[in-house]
Amino acid sequence: MVQNTALALLPVLTVLAVSVLTKRALLGLLSGTVVGAILIGGWGFFDTLVGTFGASLTNETVHWLVLVVVLFGILIAYFNASGAVSDFARWTERFVNSRRKSLLLTWLLTVALFIDDYLNALTVGTSMKKVTDRYGVPRTLVGSIVKLTSAPIAVIIPFSTWAVFFAALLEQDGVTVNGSGFGAYLAGLPTVFFGWFALIIGLLLALGVLPLVGPLKREQLRVDRTGDTLPEGLTPEERAFELAEDGAQSARPLPYNFLIPIATLVAVTILTEVDIVKGAAAAVVVALILYVAQRRITLKGVLDHAFEGITSMGYVMVLFVLAFMVQQINMDLQLAEWVIGATEPVMHGALLPAIVFLVCGIYAYATGAFWDLAAVITPVVLPLAIAVGVDPVLAGTAVFSGAALGSTTCLYGDGIILASKSVGVKPLTLMLSILPYAGLAAALSFIAYLIAGCVSFAG
């Protein structure tokens, strides 16, 4: 078995190369798993592949994510069948009457739902895509603003799931302020540079201050020419599901048919200690009661639309299984250990925070491991920072910024997959659209960590 060598990078490179060249994320992930299985199992690679597939299917996180996307699929199908999203879009006309306002509201809603990046990625895309469609906004732009904001806001607001997890890591490794890891996290918030830069770039993009570049510019030109906000390459079934408006619309829009289930989703999620499964299940039940009582959905249609919603999420569920297979292969190949071993010699002095951010960002982007990355690398980085005279809190925030960079950009990360589904685009399309802006935020963050590292080391 290949361990602790540069060959451990081969599965990740295969995933990225095949995905970009063929524009098929599933094919890229499958190719990466096969290459990884060959590296691990040699001639017995098929047994390795089957074993990795079984491990992915039994992964508790995969089970949880499948439940989340199934429940959201059902909820979205009920929204479409009842006309709830269309009613919400019509209702917003009274205060959202321009492209800029529609995108600004998208950004603000993503910030408001900071408690978890899954919650805002799924909810905001579902809420706003029909509103932004009115003004010829490409779905990829909506998804880009949501994803540029969702993980960054979660990492810089100290009461989110990200903050709780990262604060626990700091305390576990003995880095505290006033006796707690949470105090250290609060002290380090100003230096979570990627979070701040990505948040600002998302806002400037929403306001139209930053120009559209690369794939986003080409997509806007296509939308201007055709009037079709959905990207090319969707199957007929995906297009039909995204554009479905088969519910009866009232003469006067009834926004509560959409807002009550969404408010239920958010409230129950927060009250159950950020359990999105319970929040989504409660939203489905509330939506069902509302729409059946108003006869917007028939009793027979309840199961029909639920099945339609579940099948619409099939692609996402397969992506999750393959993504976790790649993560398992990376662990078996000891990729994290190789990366740490290869880069540790240059992690010294004033350069340490910038190098840590760069390594963590690249690793998280390449592997789809964000919290796992932080759990593995903080026990290495924090003692190293103390040993070389760099503020360990600064080194810790460099790790967390790198994790947020990966979550914002990784093709097969759960954040990109969920955000892309919520706005009706392919993960690869969304990733390529985000990269120029996330790259700018990453470059600014790298410079900021260089400066902060010099200041910390000198002090």
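The values are calculated or read from the model by the stated rules, or taken from the named source; none is laboratory data. Worth saying up front: this structure is predicted, and the values here are computed from it rather than measured. Cβ coordinates were reconstructed from backbone atoms using ideal geometry, including for glycine residues, and neighbour counts include every protein chain displayed. Keep in mind that these areas ignore ligands, DNA and RNA; they rest on the heavy atoms of the full protein, side chains included. Shrake-Rupley method; radii C 1.70, N 1.55, O 1.52, S 1.80 Å.
Report whether or not V175 is outside any helix (DSSP H, G or I), more than 24 Å from Q220 (Cβ to Cβ) and at pLDDT 85 or above. Spell out how you get there, then give the answer.
Numbers: outside any helix (DSSP H, G or I): yes; more than 24 Å from Q220 (Cβ to Cβ): yes; at pLDDT 85 or above: yes.
Considered against the rule, which asks whether it is outside any helix (DSSP H, G or I), more than 24 Å from Q220 (Cβ to Cβ) and at pLDDT 85 or above, V175 comes out as yes.
Going by the structure shown, is Y118 in a helix (DSSP H, G or I), of a type in the set (F, W, Y), open to solvent by 10 Å² or more (accessible area, probe 1.4 Å) and over 17 Å from L203 (Cβ atoms)? Can you show your working first?
Values: in a helix (DSSP H, G or I): yes; of a type in the set (F, W, Y): yes; open to solvent by 10 Å² or more (accessible area, probe 1.4 Å): yes; over 17 Å from L203 (Cβ atoms): yes.
In short, yes.
Here is a yes/no grid of residues against (1) open to solvent by 40 Å² or more (accessible area, probe 1.4 Å); (2) touching an Asp or Glu at 6+ places or on another chain (Cβ under 9 Å):
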{"position": "I40", "(1), (2)": "no, yes"}
{"position": "W43", "(1), (2)": "yes, no"}
{"position": "L49", "(1), (2)": "no, no"}
{"position": "T52", "(1), (2)": "no, yes"}
{"position": "L57", "(1), (2)": "yes, no"}
{"position": "V62", "(1), (2)": "no, no"}
{"position": "L65", "(1), (2)": "no, yes"}
{"position": "V70", "(1), (2)": "no, no"}
{"position": "G73", "(1), (2)": "no, yes"}
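Is there any pair with a first residue in the range 16-30 that is closer than 18 Å to K421 by Cβ and a second that is among the aromatic types (F, W, Y) whose Cβ atoms are under 9 Å apart and which are 6 or more apart or on different chains, and what are they?
S19/Y412; A25/Y412; L26/Y315; G28/Y412; L29/Y412
State the number of residues belonging to the range 92-101 that are part of a helix (DSSP H, G or I) and within 13 Å of M128 (Cβ to Cβ). Steps first, please.
First, pick out the residues of the range 92-101 that are part of a helix (DSSP H, G or I): 92-94, 99-101.
Narrowing the set further to residues that are within 13 Å of M128 (Cβ to Cβ) leaves 92, 99, 101.
Adding up the residues that qualify gives 3.
Considering I416, I434, which residue is modelled with pLDDT under 95, among the β-branched types (V, I, T) and surrounded by 21 or more Cβ atoms within 10 Å (Cβ to Cβ)?
Details: I434 fails: modelled with pLDDT under 95.
Result: I416 is the single residue among I416, I434 that is modelled with pLDDT under 95, among the β-branched types (V, I, T) and surrounded by 21 or more Cβ atoms within 10 Å (Cβ to Cβ).
Where residues in the range 343-356 are open to solvent by 60 Å² or more (accessible area, probe 1.4 Å) and either in contact with a strand residue (DSSP E or B) (Cβ under 6 Å, 6 or more places away or on another chain) or part of a helix (DSSP H, G or I) (or both), which of them is modelled with the highest pLDDT?
First, pick out the residues of the range 343-356 that are open to solvent by 60 Å² or more (accessible area, probe 1.4 Å): 344-346, 348, 351.
This time we only want the ones that are either in contact with a strand residue (DSSP E or B) (Cβ under 6 Å, 6 or more places away or on another chain) or part of a helix (DSSP H, G or I) (or both), so: 344-346, 351.
Working: E344: 72, P345: 77, V346: 72, L351: 88.
Out of the qualifying residues, it is L351.
Residues checked against (1) surrounded by 19 or more Cβ atoms within 10 Å (Cβ to Cβ); (2) at pLDDT below 85:
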residue: V223; (1), (2): yes, no
residue: E237; (1), (2): no, yes
residue: R252; (1), (2): no, yes
residue: P261; (1), (2): yes, no
residue: V277; (1), (2): no, no
residue: V284; (1), (2): yes, no
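With the structure loaded, tell me whether M317 is under 23 Å from the mean Cα position of the chain (by Cα), of a type in the set (A, V, I, L, M) and open to solvent by 30 Å² or more (accessible area, probe 1.4 Å) or whether it fails that test.
On the way: under 23 Å from the mean Cα position of the chain (by Cα): yes; of a type in the set (A, V, I, L, M): yes; open to solvent by 30 Å² or more (accessible area, probe 1.4 Å): yes.
It is true that M317 is under 23 Å from the mean Cα position of the chain (by Cα), of a type in the set (A, V, I, L, M) and open to solvent by 30 Å² or more (accessible area, probe 1.4 Å).
How about the range 382-402: which of its residues are open to solvent by less than 30 Å² (accessible area, probe 1.4 Å), in a helix (DSSP H, G or I) and out of contact with any Asp or Glu (no Cβ under 9 Å at 6 or more places or on another chain)?
V393, L394, A395, T397, A398, V399, F400, S401, G402
When you scan the range 441-454, do you find a residue that is of a type outside the set (D, E, K, R), open to solvent by 10 Å² or more (accessible area, probe 1.4 Å), modelled with pLDDT under 90 and over 25 Å from M317 (Cβ atoms), even just one? Walk me through it before giving the result.
Start the filter on the range 441-454 by keeping residues that are of a type outside the set (D, E, K, R), which leaves 441-454.
Those still in the list that are open to solvent by 10 Å² or more (accessible area, probe 1.4 Å) too: 442-444, 446-448, 450-452, 454.
Imposing the further condition that a residue be modelled with pLDDT under 90 reduces the set to 454.
From the residues that got through so far, the ones that are over 25 Å from M317 (Cβ atoms) too are 454.
Checking the range 441-454: at least one residue is of a type outside the set (D, E, K, R), open to solvent by 10 Å² or more (accessible area, probe 1.4 Å), modelled with pLDDT under 90 and over 25 Å from M317 (Cβ atoms).
Mind checking which residues of the range 130-151 are open to solvent by 10 Å² or more (accessible area, probe 1.4 Å) and touching a helix residue (DSSP H, G or I) at 6+ places or on another chain (Cβ under 6 Å)?
Taking the range 130-151 as the starting set, the residues that turn out to be open to solvent by 10 Å² or more (accessible area, probe 1.4 Å) are 130, 133-136.
The answer is K130, Y135, G136.
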